[in-house]
Amino acid sequence: MNKKYFMEMADYLCWADNKAIDWVTEINDQQWNQEISNSFNSIRNTALHIVSAEKIWLDFWTGAPSPVYLSAGFEGSKKDLIHIWRMTSANLQEFIEKYPEKNYQDLVSISKPNGEIAQMSFWRTFPHMVNHSSYHRGQMVTMLRQAGFTLLSNTDLFTFYHLHHNEGKAEPV
């Protein structure tokens, strides 16, 4: 757990989010709203869940007063959600870049959707958020395929590292 690793994870999150944003930008409204059996019942609702979770974690980490889950009442368009997603992803990347490594052990107060309050060390919450987004992006891939969209690309962490960090060269361990 160090700053370099967290910055790489933030870079990965932003890269993978932008891939997913590109996909949902290409689908039509019928595909966006199509009922598909999964954790969330449409591509729209899955995207909304990802964005809402990323945004609420940023609110928790920055100590935003009265954070609200975006998914609790979002009424905007696909374009609105995509704009919020791009901004949230970029804001997360910037936050990690500026967040001091000495604060990684600090407790973060979390208000769960059911109202329960919890606390957890920052260094545990950030990887959780990255993993959570990856999980639901994977579901989104399946849903996009079921909706007839096949112009997908790999968003695995290995692919990100291969393309952006070691360029095929062995890295020191």
Taking the criterion of being among the aromatic types (Phe, Trp, Tyr), at pLDDT 95 or above and not in a strand (DSSP E or B), would at least one residue in the range 84-92 satisfy it? yes
Ala90 vs. criteria over 14 Å from Met129 (Cβ atoms), touching a residue at least 40 places away in the same chain (Cβ under 8 Å), hydrophobic (A, V, I, L, M, F, W, C) and out of contact with any strand residue (DSSP E or B) (no Cβ under 9 Å at 6 or more places or on another chain): yes
How many residues are surrounded by 12 or more Cβ atoms within 10 Å (Cβ to Cβ) and over 12 Å from Phe60 (Cβ atoms) if we restrict to the range 104-113? 1
List pairs: first residue in the range 55-76 and buried (at least 17 other Cβ atoms within 10 Å of the Cβ), second residue of a type in the set (Asp, Glu) and assigned to a helix (DSSP H, G or I) anywhere in the structure, Cβ distance under 8 angstrom, at least six positions apart or on different chains. Pro67/Asp59
Could you please find all residues in the range 49-69 being at pLDDT below 95 and closer than 15 Å to His128 by Cβ? none
Given (1) among the hydroxyl-bearing types (Ser, Thr, Tyr); (2) open to solvent by 60 Å² or more (accessible area, probe 1.4 Å); (3) at pLDDT 95 or above, identify the lone condition not met by Thr46. (2)
Condition first: closer than 26 Å to Gln31 by Cβ, of a type outside the set (D, E, K, R) and either open to solvent by 80 Å² or more (accessible area, probe 1.4 Å) or outside any strand (DSSP E or B) (or both). Can you find one or more residues in the range 114-127 that meet it? no
Test set (1) assigned to a helix (DSSP H, G or I); (2) open to solvent by less than 20 Å² (accessible area, probe 1.4 Å); (3) within 24 Å of Ser153 (Cα to Cα) - Ile36 fails condition number: (1)
Could you pull out the residue among Asp11, Asp22 that is of a type outside the set (S, T, N, Q), modelled with pLDDT of 95 or more, closer than 17 Å to His128 by Cα and surrounded by fewer than 18 Cβ atoms within 10 Å (Cβ to Cβ)? Asp11
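The values are calculated or read from the model by the stated rules, or taken from the named source; none is laboratory data. The structure displayed is predicted, hence computed values, not measured ones. Cβ coordinates were reconstructed from backbone atoms using ideal geometry, including for glycine residues, and neighbour counts include every protein chain displayed. With ligands, DNA and RNA removed, areas are computed over all heavy atoms of the protein, side chains included. Shrake-Rupley method; radii C 1.70, N 1.55, O 1.52, S 1.80 Å.
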